[in-house]
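Peer 1: Got a structure for you, written out below as structure tokens; questions coming shortly.
The numbers here are math on the coordinates, done by the rules we state, and not lab data. Everything quoted here is computed from the prediction, not taken from an experiment. All Cβ positions, glycine included, derive from the backbone under ideal geometry; neighbour counts span all protein chains shown.
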Amino acid sequence: MAGNQQRVIWTIGGGKGGSGKSFITTNIGICLSHLGAQVILIDADLGGANLHTFLGVLPSAPTLSDFIKKRVSHLKDVLIQTGVPNLQLLTGAQDLLDAADAKSVQKRKLLRSIQSLESDYILVDLGGGNTLSVLDFFLMSDGGILVVTPEPTSIENTYRFLKSAFYRRLRQTVSSNSAKALIDEAMDGKNEAGIRNPYELLKEVRRINEDDARTMVEEAETFHPNLILNQVRSKKDIEIGFSIRSACQKYFGIHLHYLGYVVYDQDVGNSIRKRKPLVLENSRSKAAQCVTEIASRLANSHRMRKGM
Amino acid sequence: MKRIEEQTHYEILEVSPNATVKEIQQAYEHARETFHSDSLAVYSLFSEEEMQKIQASVEEAYRVLMDEALRRSYDQSHSHLIERSPKGKQTEKLVPSSEIKGSLSFTGLSLEIGEMPYRGKSLKQLREKLGIDLKAISSETKINIKTLEWIEEENLDFLPAPVYLKGFLKGYARVLKVDSQKLIEGYLQLYEERKKK
């Protein structure tokens, strides 16, 4: 399948540590590879990169920094074979995202080199971070995926991340400095201008620059992050995903795409302890079936987008 | 990006302008569940005041859209705002026009059971208004059709003892999204009345 087609990059982030981003990244990656696609997983989790553990691969292999420091000449040379056919792993991206001085030039260079990799799908695990670099990476991909558990803390953190990402995206698209300054101010929840939500921000921007306000509205319409609800235990939990979608519609005016949910399942913990991915170890478990369904939905949405 | 005040009733409930009565009912239940002060999905985004505003808009949208006459006049007065051909942004089901006519022909009663006691006959009317047939209820609840018919006919002679009946009523109420407690109470009253005779 890999070849001249453009690769699709999905970034998995938001929320907080422990919501299951690495588990979901790994297992969706394997499902996509089972569909016959070339897949690369990239570990960019600042809080503790451990995709290799989920795959049962040793961490001593070459990393992205070997490429950045020019110890190897091609990015593909630092890809690790995972033992799963069609699935490769790239670690060490967190070093670049972590750097306080990571300039957007550098980030763009990283993204370009990632885009140059030969693969159908590239999944980037961003971890629970909320730094500007992480936000930029989340926004630069073809699709951002938020992984949330049905708990107040997880949902709160996800909204915080989403708000940061949304405002960051608006900031990138407006042209006037005064509008940028207003957005910066609105990022602070207790700002002096009294801007408490995106609509009040829009109202303020409209007052100073009509064109930028129009741009913001257009941008909001094209911002479609995705949501996966993990560790659901009841039908009511599943409904929370739809409620989050509605809340985002009313609060941000954006359309969040509810990709699906993964049920709480003892088998997940067991597979992680064994360092064997769930969809390989226990493909008939409930959680594995949920992940498989999400993966095929992702593959379909991508096909539809490309009109395939 | 439209503020609550600027959204049409359809946008408030997140339904297409072609939504059926059943779709509106479901959307309303969902919105009530979502914009509720205990809802996990909203408490950290909206202030109390904002929540009240949303709740009021949801109620108003439901009130208008569930009444055929009010909905028609709303559609006319807001035709410039209502997007008749959604751009496929949301997963809206387009309903064939015959189905819309079918479900809207039951206009004699308001959808909420309202003043009527919660009993078999009102259940039947509500079900018909929503355009759901007994077979669908039966497959959803795993209750056999005959029993559902007896429930609707309030045929106490054939129905099982109240202790079993309660479970059936609960299941039926859940499908129609009516208050199961009220239904059970209303139904048990029937037994009381019968005893007195």
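Peer 1: For residue B:81 and residue B:139 in the same chain, what is the full-extension length gain: residue separation times 0.36 nm, less their Cα-Cα distance, in nm?
Peer 2: Value of the extension gain: 16.9 nm.
Peer 1: Give me the Å³ per residue figure for the convex hull around the C-alpha atoms of segment B:120-196.
Peer 2: Per residue, the Cα convex hull of segment B:120-196 comes to 77 Å³.
Peer 1: Of the candidates A:41, A:162, A:111, which one comes out as most mobile in a Gaussian network treatment of chain A with C-alpha springs shorter than 10 Å?
Peer 2: With Cα springs under 10 Å in chain A, the top fluctuation among A:41, A:162, A:111 is at A:111.
Peer 1: Based on the Cβ-Cβ distance of residue B:179 and residue B:67, what FRET efficiency does E = 1/(1 + (r/R0)^6) give at R0 = 30 Å, to the nearest 0.05?
Peer 2: Computed FRET efficiency for residue B:179 and residue B:67: 0.90.
Peer 1: Sticking with this structure for a sec: Report the rotationally averaged projected area of segment A:99-192 based on its alpha-carbon convex hull, in square nanometres.
Peer 2: 7.8 nm²
Peer 1: If you consider only alpha-carbon coordinates, what radius of gyration and Dmax does segment A:10-167 have, in Å?
Peer 2: 14.8, 46
Peer 1: In nanometres, what is the gap between the two model label sites at residue B:36 and residue A:301, each 7 Å from Cα along Cα-to-Cβ?
Peer 2: Distance between label points: 2.7 nm.
Peer 1: Using just the C-alpha positions of segment A:233-308 as equal point scatterers, what log10 of I(q)/I(0) does the Debye formula give at each q in 0.17 1/Å?
Peer 2: Debye intensities relative to I(0), on a log10 scale: -0.82.
Peer 1: Which values of log₁₀ I(q)/I(0), to two decimal places, follow from the Debye formula for the protein assembly as shown at q = 0.08, 0.09, 0.11, 0.13 Å⁻¹ with a uniform point scatterer at every Cα?
Peer 2: -0.61, -0.75, -1.03, -1.27
Peer 1: If the reach is capped at under 12 angstrom between alpha carbons, list the aspartates and glutamates near residue B:170, excluding any in the same chain fewer than eight residues apart.
Peer 2: B:179, B:185
Peer 1: With a sphere of radius 11 Å drawn around the Cβ of residue A:231, what net charge do the other residues whose Cβ falls strictly inside it have (Lys, Arg +1; Asp, Glu -1)?
Peer 2: Cβ neighbours under 11 Å give a net charge of -2.
Peer 1: Further, regarding this structure: Please give every one of the lysines within straight-line cross-link reach of residue A:69, meaning a C-alpha to C-alpha distance under 29 Å, and leave out same-chain neighbours fewer than 8 residues apart.
Peer 2: Of all the lysines, those that pass the test against residue A:69 - Cα under 29 Å, at least 8 places apart if same chain - are A:21, A:103, A:107, A:109.
Peer 1: Pull up the cross-link candidates among the aspartates and glutamates for residue A:286, meaning alpha carbon to alpha carbon under 12 Å and not fewer than 8 places away within one chain.
Peer 2: In chain and number order, the partners are A:265, A:267.
Peer 1: Further question on the same structure: Report the calculated FRET efficiency for residue A:74 and residue A:267 (r = Cβ-Cβ distance, R0 = 35 Å), to the nearest 0.05.
Peer 2: Using R0 = 35 Å, I get an efficiency of 0.35.
Peer 1: Tell me, how many Å apart are the Cα centres for segment B:122-136 and for segment A:5-20?
Peer 2: 44 Å
Peer 1: Whole-Hz ³J(HN,Hα) for each residue in segment A:190-202, computed from phi via Karplus 6.51 cos²θ - 1.76 cosθ + 1.60 with θ = phi - 60°, x for glycine and proline: what do you get?
Peer 2: Karplus values, whole Hz, x for Gly and Pro: 10, 5, 6, 6, x, 7, 9, 8, x, 5, 5, 4, 4.
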